[in-house]
Ligand SMILES: Cc1cc2nc3c(=O)[nH]c(=O)nc-3n(C[C@H](O)[C@H](O)[C@H](O)COP(=O)(O)OP(=O)(O)OC[C@H]3O[C@@H](n4cnc5c(N)ncnc54)[C@H](O)[C@@H]3O)c2cc1C
């Protein structure tokens with residue numbers, strides 16, 4: 001049960017929608033949906049506000065949908081490990097299909113990047129996750145690779161595809177089953193703290209709650225500015241993902257990625273997703289692929305594989321948002337009351353969502369995190385917004 005949050009069950013009703021709640025979550029991507037479900041499951045009355053008609057419209061709906069345990073910095077890898085059990089064994093009735101499907105991830109380096117991959121292989125945090133494989137074996141796994149782009153190769157066998165829509169819908173169903181509400185097409189445009197309560201203005205009317213969770217993805221700094229809290233220096237960075245039909249059976253190919261993340265590919269549906277690993281800083285927006293990034297992507301795939309991309313089946317881009325240390329930001333702001341950050345999930349927000357949601361619910365509820373999380377080595381300080389001011 002949530003201890004620190006007073007339960008405000010006496011709601012008023014406007015147009016049939018209860019407006020007062022314990023916790024308002026801003027943002028209906030994977031971060032907001034998962035946190036809202038965890039908070040509602042812990043006994044809070046939660047309303048989720050999403051500015052688009054559809055939850056998951058922005059970054060969540062545009063990801064590469066992979067779970068790679070060895071991906072990210074030390075904090076991310078702790079969150080990966082703490083999230084994996086949820087993916088492997090979700091709660092009963094959470095999803096109609098498994099959330100993960102076996103895929104494997106192959107990290108390839110050419111001559112110039114061998115030392116980067118050696119460093120990853122030597123990192124004790126990757127022990128048991130990453131194994132070196134020889135070039136011949138790498139080409140059996142991922143036949144389109146050029147041998148000179150796979151001089152040293154590491155393989156993560158347990159890497160998997162994520163059913164992102166299954167995960168998102170599962171969280172939204174759990175939120176609603178716990179009496180939570182989802183309000184779409186509701187853009188938060190003002191936040192005013194009065195008598196221990198946030199008065200939240202939107203285009204569909206006012207809401208109020210003692211606690212606001214800022215899960216606004218690329219817009220998180222803009223939402224924070226409405227509340228008058230200091231910026232975390234969030235930088236949204238555009239990443240492009242294209243698909244094409246390579247004309248061969250790719251069903252069993254692993255995610256294949258250069259160690260410097262300058263290109264990657266993986267099967268998506270019947271096609272192959274390719275990306276140039278771009279990270280172009282830009283203001284929050286409905287990101288669209290840039291023609292130059294598309295050209296760079298096609299060129300890199302041509303240089304590092306035997307494939308030729310003649311016609312694209314689809315193209316998309318999304319914003320991966322980072323702070324300077326590339327760890328997420330989850331915790332109460334230290335300069336205004338009742339404002340909880342859940343932002344900066346970067347390129348790992350789908351695979352880390354279960355642990356970040358549990359972290360959010362226990363920290364808001366009790367002021368501490370559960371031993372389930374701390375046993376993995378997670379600390380409040382590692383994710384705290386205050387660390388960014390140090
Ligand atoms: C090409 C690409 C590949 C990726 N691959 C992977 C991967 O393989 N694995 C992985 O784990 N991660 C991956 N990621 C990263 C992952 O997609 C993100 O970390 C994650 O989706 C972030 O979720 P979010 O909920 O924070 O953001 P979002 O999904 O963007 O959700 C934020 C929501 O807040 C809403 N919002 C903003 N402002 C307001 C407001 N004022 N009022 C109301 N609502 C508001 C927005 O409309 C949006 O829906 C990838 C990302 C990209 C772009």
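Quick note: the coordinates plus some simple rules give every number you see, no bench work behind them. These figures come from a predicted structure and were not determined experimentally. Here the Cβ is made from the backbone with ideal geometry for all residues, glycine too, and neighbour counts use every protein chain on show.
If R0 equals 30 Å, the separation of the Cβ atoms of residue 386 and residue 73 corresponds to a calculated FRET efficiency of about 0.95. In this rough spin-label picture, where each label sits 7 Å from Cα along the Cβ direction, the residue 194-residue 95 distance is 4.3 nm. Highest GNM mean-square fluctuation, the chain, Cα pairs closer than 10 Å: which of 328, 276, 124? Result: 124 has the largest fluctuation of those listed.
Relative to the longest principal axis of the Cα atoms of the chain, the long axis of helix 164-177 makes an angle of roughly 20 degrees.
For residue 88 and residue 282, what is the calculated FRET efficiency with R₀ set at 25 Å and r taken between the beta-carbons, to the nearest 0.05?
0.10
For the stretch 219-278 versus the stretch 25-79, the spacing of their alpha-carbon centroids is 16 Å. Potential lengthening of the chain between residue 137 and residue 184 amounts to 12.1 nm, from the contour at 0.36 nm per residue minus the alpha-carbon distance. For residue 245 and residue 111, the difference between the fully extended length at 0.36 nm per residue and the C-alpha to C-alpha distance is 45.3 nm.
Equivalent ellipsoid of the stretch 17-144: semi-axes from √(5λ) of the C-alpha gyration tensor, largest first, are 38, 16, 15 Å.
With the simple model of a label 7 Å out from the Cα in the direction of the Cβ, residue 299 to residue 177 spans 5.1 nm. Helix 30-41: angle to the longest alpha-carbon principal axis of the chain, degrees 0 to 90, nearest 10? Approximately 50 degrees, to the nearest 10.
Full extension of the chain between residue 230 and residue 370 yields a length gain of 47.6 nm, computed as 0.36 nm times the residue separation minus the alpha carbon distance. The smallest convex shape that holds all Cα atoms of the chain, its convex hull, gives 135 Å³ per residue. From its DSSP helices (H runs of at least four residues, each -39,500 (n - 2.57)), the chain gives a residue-normalised ellipticity at 222 nm of -7500 deg cm²/dmol.
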